[in-house]
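This report concerns only the one structure given below.
The values are calculated or read from the model by the stated rules, or taken from the named source; none is laboratory data. Given the structure is predicted, the values throughout are model-derived calculations rather than measurements. Neighbour counts run over all protein chains shown; Cβ positions are idealised from the backbone, glycine included.
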Amino acid sequence: MSYTRTFVLIAGLTGLFGAIGFLIGGQGGMLIALLVAGAMNLFAYWNSDKVVLRMYNAQPVDRASAPELYGIVEQLVARAELPMPKVYVIENDQPNAFATGRNPENAAIAATTGLLQYLSHEEVAGVLAHELAHVKNRDTLIMTITATIAGAIGMLANFAFFFGGNRDNNGGSNILVSLMVMILAPLAAMLVQMGISRTREYEADRIGAEISGRPLWLASALERIHQVAHEVPNETAERNPATAHMFIINPLSGERMDNLFSTHPAVENRIAALEQLARQMGPSGQPGPGSFASRSHYAGGTPPDGPWGQGSSQPPQGGPWGGGARRNSPWG
């Protein structure tokens with residue numbers, strides 16, 4: 001997706017915000033809504049990353065507090081020729097991750113404790129490479145601004161429902177207009193989010209796989225996350241659905257297919273594209289000299305069948321899965 005089309009979509013969100021203002025309060029309402037939208041865009045440019053990180057109670061980590069996780073990011077940013085982003089961990093059992101920040105120089109990557117617990121070193125690297133691809137493509141600003149405006153549209157639509165639209169000729173409240181705003185405005189915002197998110201996810205998968213050097217690492221991670229994500233709720237995401245498109249896998253419950261309202265492409269389609277890329281790169285997606293994968297534990301061959309060892313397809317008895325010991329992970 002070109003940046004021109006992306007900004008057209010964001011302009012569409014802003015225009016939709018103004019249209020709802022018009023339905024609520026006429027020309028004065030539209031003017032106020034557009035002014036608010038402009039102020040929100042400025043605020044989102046400078047602060048949206050902080051807002052989202054605070055929303056998910058993300059905690060910063062460094063080389064001392066999370067040496068393996070931090071080390072993975074350091075190796076990947078060297079491979080991608082990017083500045084080192086801030087690294088955060090979110091205390092949440094759902095395996096997931098997102099990137100945010102207005103540019104590569106002010107970027108942040110956040111991973112949940114679930115991601116670090118259930119995935120192997122290689123799969124975590126695949127996921128973080130995907131997030132760095134968003135940073136490299138400068139997607140993070142678009143994604144966070146979109147989340148901010150889309151969330152505001154939902155709130156404004158609720159306001160329209162409770163307080164009514166323009167007064168009709170008889171001075172009564174136009175309930176029909178209010179109902180249309182309440183239903184159609186969030187739907188339109190969701191469609192714009194979807195248009196931004198889907199194409200960017202495919203592109204981030206491709207570039208992330210090139211950064212790590214192993215497309216199958218990310219393919220395995222996507223399959224593993226998809227298996228677990230909708231069984232383990234992310235309550236913060238459920239309360240703030242406008243942020244769902246920021247995650248590598250949709251964190252909301254019930255999202256199972258590439259349908260009209262999905263903010264993410266179908267996992268099966270993403271895995272198929274990564275497998276095709278792996279075939280183009282050669283047997284087992286073997287990277288070139290000096291890549292992240294060539295320095296990995298599994299550089300000499302394919303990763304194990306599952307992230308918990310050769311032939312294993314079940315998670316260990318630890319963390320939210322059971323009462324046993326927590327597996328060795330990049331977290332600490």
## Note on the structure
The lone condition Pro83 fails out of (1) surrounded by 20 or more Cβ atoms within 10 Å (Cβ to Cβ); (2) touching a helix residue (DSSP H, G or I) at 6+ places or on another chain (Cβ under 6 Å) is (1)
### Message
Taking the conditions exactly as written (under 16 Å from Thr140 (Cα atoms), part of a strand (DSSP E or B) and under 19 Å from the mean Cα position of the chain (by Cα)), does Phe7 satisfy them or not?
### Response
no
### Message
If Lys86 meets every condition in (1) in contact with a strand residue (DSSP E or B) (Cβ under 6 Å, 6 or more places away or on another chain); (2) farther than 27 Å from Glu231 by Cα; (3) in contact (Cβ under 8 Å) with a residue 40 or more places away in the chain apart from one, which number is that one?
### Response
(3)
### Message
Conditions first: (1) out of contact with any helix residue (DSSP H, G or I) (no Cβ under 6 Å at 6 or more places or on another chain); (2) part of a strand (DSSP E or B). Ala19 passes all but one, so which condition is the exception?
### Response
(2)
### Query
When the residues of segment 30-61 are filtered to those that are buried (at least 20 other Cβ atoms within 10 Å of the Cβ) and at pLDDT below 80, which remaining residue is farthest from the chain's Cα centre (by Cα)?
Ala33
## Note on the structure
For segment 45-81, the count of residues that are assigned to a helix (DSSP H, G or I) and small (Gly, Ala, Ser) equals 4
### Query
Can we say Glu268 is at pLDDT below 50 and either part of a loop (DSSP other than H, G, I, E, B) or surrounded by fewer than 16 Cβ atoms within 10 Å (Cβ to Cβ) (or both)?
no
### Task
State whether one or more residues within segment 241-261 are under 25 Å from Arg79 (Cα atoms) and either of a type in the set (Asp, Glu) or modelled with pLDDT under 50 (or both).
no
### Message
Being modelled with pLDDT under 95, hydrophobic (A, V, I, L, M, F, W, C) and in contact with a Lys or Arg (Cβ under 7 Å, 6 or more places away or on another chain) is true for just one of Leu82, Leu141. Which residue is that?
### Response
Leu141
### Near pairs, Cβ below 6 angstrom, 6+ apart or cross-chain, from segment 223-248 (within 15 Å of His130 (Cα to Cα) and touching a residue at least 60 places away in the same chain (Cβ under 8 Å)) to any residue that is among the hydroxyl-bearing types (Ser, Thr, Tyr) and crowded, with 20+ Cβ neighbours inside 10 Å
His245/Ser197; His245/Thr263
### Task
Might you let me know whether segment 1-19 holds any residue that is buried (at least 16 other Cβ atoms within 10 Å of the Cβ) and among the charged types (D, E, K, R)?
no
### Message
Of everything in segment 56-84, what is hydroxyl-bearing (Ser, Thr, Tyr) and under 20 Å from Pro233 (Cα atoms)? Give them in sequence order.
### Response
Tyr56
## Note on the structure
All-but-one check, Val87 against (1) in contact with a Phe, Trp or Tyr (Cβ under 8 Å, 6 or more places away or on another chain); (2) over 28 Å from Glu238 (Cβ atoms); (3) among the β-branched types (Val, Ile, Thr), failing number (2)
#### Entry: Search result, residues across segment 103-138 that are assigned to a helix (DSSP H, G or I) and out of contact with any helix residue (DSSP H, G or I) (no Cβ under 9 Å at 6 or more places or on another chain)
Glu105
